[in-house]
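The values are calculated or read from the model by the stated rules, or taken from the named source; none is laboratory data. As the structure is a computational prediction, the values presented were derived from the model and not from experiment. With ideal geometry, Cβ positions are generated from the backbone for all residues, glycine too; neighbour counts draw on all protein chains shown.
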Amino acid sequence: MQKPSYLCIGLGFVTLCVASLMAHADPFTREDLKKWDEAFTVVMKEGDKLFHSSQLGKNSVSCDMCHPNASNAHPETYPKFQKQLGKVVGLRDMINWCIQNPLEGQPLAADDPKMIALESYITWERRGVKLEPGKH
Amino acid sequence: MSEKMTRRTFLKAAGAFTAAAALPVGLVEMAWGQKSSEKFTFAYISDAHITQIKGTEFVKNFDKGLQKAVFEVNFMDPKPDFVVFGGDLAQLGKKEEFEHGLEIMKDLTVPVKWVTGEHDYYLDLGKYWQEKISPLYYSFDHKGVHFVVLNSILTDDDWTYKRWPTPEERMLQMARLDNPHGSPFMVKEEQRAWLKKDLAKTGKETPIVVLSHSPLYKIFKPWNFWTDDAEEVQVILSPFKNVMVLHGHVHQILYNQIGNIPFNAFLATAWPWPYPVSYSQLPNKVPAMTVFMNRADPFKERDGTGWGYFDVNGGMLHHYELWENTPRMVRAGGKMKHPEDTEYQDPTKRIPPQEHY
């Protein structure tokens, strides 16, 4: 019988190492799921607070005054052609339009934690509703 | 006033119709029982929510709404007999907000009948309102119709007197519509007893109009589109053949019929509210017969807001004077089985903007 080449042994060894690393990377535990869910909930609750606070704009108007429980916000329809803006926009663009206009405030940066929190709350209140991007 | 239909053009058309012989039921003069009341018109302005930012700075949007309504009511020709204010003059019940609102309302050239709302009441439990504006509940007669004004935004004693550390906190809690710590509206025992006594002097055929801020029926409890003792109030009203409830609070076109009682909501001058069907997480009892108003375009500041008036002519024709939209009309009472939109009640007549989701 021919002896296996050093190359084969080497490759075999490398494969085993990679396989063992991959075996640790992918499976996440129920504990992980719980932790990540809690992390989301913290941010969502922050968004709930902001949504109901009179601090986002300069005139004390709050989002919930027109959108109790974030109703009539339709996050599941974004991105869509927002006729009044004349282009396809995402939810955060509409959030910023509201902050600037009825709330007379300053727009938030796309990656502002406040924007992420608001999006988290608005989509949470609409959970379970099927996605219909583009719907007016 | 709307561009398409002024009151003058409507009256002209109505005059022409009554002269004709065989007419569709919707246009015939409907008698209220055996004794018809006189024909008259009254207007309403409701849910102004005048909001102080600080000092003499108020939210311009809401000021503009109330100013526009007052201006347009004053332009009605002929003038309405009176104007009902449907509640929520102030946003947080502050003296400054009342004074600013009253300053705008004083330009009306006809008398005002005031109905209190929760935003007016919960800072000082109606003190300013009773001292400077109006009694909280009362009745009056006008051209054969008995009007009753209720304070229908009370709630349980614990929540009112003990739950919150300050009046300001209590007001803020009641001001939030979707408040998980909220408390349902009530008319309560004392007023129900008063109502029974007041109506005991009224003939069963006499037309009665109940003016209320909360709806006096149950639509959606999480937003207090609700009156907890609605059934008890309805029992007191139901022996009367021609009774109708008109209410504020919901900031939308909304109408219903429960037994022999039609219900009609006032528009708000400040901002429109979504229909409870738009909150997907909880069930609601939005009356199926209501033809929704057009979904508000947030880019048009006054869309979904307005004022209205009622032509009382055996039954009532409710004219919704929607700004930024074609006006709507709902006929109720008299021989109507339930309130009906004069144009869109037939489901095949609906238009896309009426779809709310």
Count - residues of the range A:107-131 that are facing chain B (nearest Cβ under 9 Å) and loosely packed, with under 13 Cβ neighbours inside 10 Å: 2
Complete set of residues in the range B:167-201 that are touching a helix residue (DSSP H, G or I) at 6+ places or on another chain (Cβ under 8 Å), of a type outside the set (A, V, I, L, M) and part of a helix (DSSP H, G or I): B:ARG170, B:ARG192, B:LYS196
Total residues in the range A:50-75, condition within 12 Å of chain B (Cβ to nearest Cβ) and part of a helix (DSSP H, G or I): 8
Positions within the range A:59-86 being modelled with pLDDT under 95, surrounded by fewer than 17 Cβ atoms within 10 Å (Cβ to Cβ) and of a type outside the set (A, V, I, L, M), in sequence order: A:LYS83, A:GLN84, A:GLY86
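The rows are residues; the columns are (1) aliphatic (A, V, I, L, M); (2) part of a strand (DSSP E or B); (3) closer than 18 Å to B:PHE220 by Cα.
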{"site": "B:SER280", "(1), (2), (3)": "no, no, yes"}
{"site": "B:GLU321", "(1), (2), (3)": "no, yes, no"}
{"site": "B:MET336", "(1), (2), (3)": "yes, no, no"}
{"site": "B:GLU343", "(1), (2), (3)": "no, no, no"}
Subset of the range B:106-120 [crowded, with 22+ Cβ neighbours inside 10 Å and either farther than 18 Å from B:THR155 by Cβ or out of contact with any strand residue (DSSP E or B) (no Cβ under 8 Å at 6 or more places or on another chain) (or both)]: B:THR116, B:GLY117, B:GLU118
Among the candidates B:GLU96, B:GLU72, B:GLU103, residue that is more than 14 Å from every other protein chain (Cβ to nearest Cβ), in contact (Cβ under 8 Å) with a residue 40 or more places away in the chain and either assigned to a helix (DSSP H, G or I) or of a type in the set (A, V, I, L, M) (or both): B:GLU72
Filtered residue count, the range B:36-62, keeping only those that are part of a strand (DSSP E or B) and within 14 Å of chain A (Cβ to nearest Cβ): 6
Hits in the range A:14-33 (condition: at pLDDT 90 or above and in a helix (DSSP H, G or I)): A:ARG30, A:GLU31, A:ASP32, A:LEU33
The lone exception for A:PHE40 - which of (1) assigned to a helix (DSSP H, G or I); (2) facing chain B (nearest Cβ under 9 Å) it fails: (2)
Meets criteria (of a type in the set (Lys, Arg) and either free of Cβ contacts under 8 Å to residues at least 60 places away in the same chain or over 24 Å from B:THR155 (Cβ atoms) (or both)) for B:LYS204: yes
Complete set of residues in the range A:89-110 that are among the β-branched types (Val, Ile, Thr) and free of Cβ contacts under 8 Å to residues at least 12 places away in the same chain: A:VAL89
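Matching residues to (1) touching a Phe, Trp or Tyr at 6+ places or on another chain (Cβ under 7 Å); (2) within 14 Å of another protein chain (Cβ to nearest Cβ); (3) buried (at least 21 other Cβ atoms within 10 Å of the Cβ); (4) modelled with pLDDT of 95 or more:
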residue: B:SER238; (1), (2), (3), (4): no, no, no, yes
residue: B:ASN264; (1), (2), (3), (4): yes, no, yes, yes
residue: B:ALA270; (1), (2), (3), (4): yes, yes, yes, yes
residue: B:SER278; (1), (2), (3), (4): yes, yes, yes, yes
residue: B:PRO283; (1), (2), (3), (4): no, yes, no, yes
residue: B:PHE292; (1), (2), (3), (4): yes, yes, no, yes
Qualifying positions in the range A:46-76 - in contact with a Leu (Cβ under 7 Å, 6 or more places away or on another chain) and farther than 26 Å from B:GLY55 by Cα: A:GLY47, A:PRO68, A:PRO75, A:GLU76
Top-ranked residue in the range B:229-245 [being in contact (Cβ under 8 Å) with a residue 60 or more places away in the chain and in a loop (DSSP other than H, G, I, E, B); ranked as nearest to B:ARG176 (Cα to Cα)]: B:ASN242
Some residue of the range B:295-314 being surrounded by fewer than 24 Cβ atoms within 10 Å (Cβ to Cβ), on the phi < 0 side of the Ramachandran plot, away from chain A (no Cβ under 14 Å) and over 16 Å from the mean Cα position of the chain (by Cα): yes
Lone qualifier among B:LEU216, B:LEU195, B:LEU211 - being surrounded by fewer than 22 Cβ atoms within 10 Å (Cβ to Cβ) and either among the polar types (S, T, N, Q) or under 26 Å from B:ILE45 (Cα atoms) (or both): B:LEU195
Residue selected from the range A:88-97 under the condition within 14 Å of chain B (Cβ to nearest Cβ) and out of contact with any Pro (no Cβ under 7 Å at 6 or more places or on another chain), by the criterion surrounded by the most Cβ atoms within 10 Å (Cβ to Cβ): A:ILE95
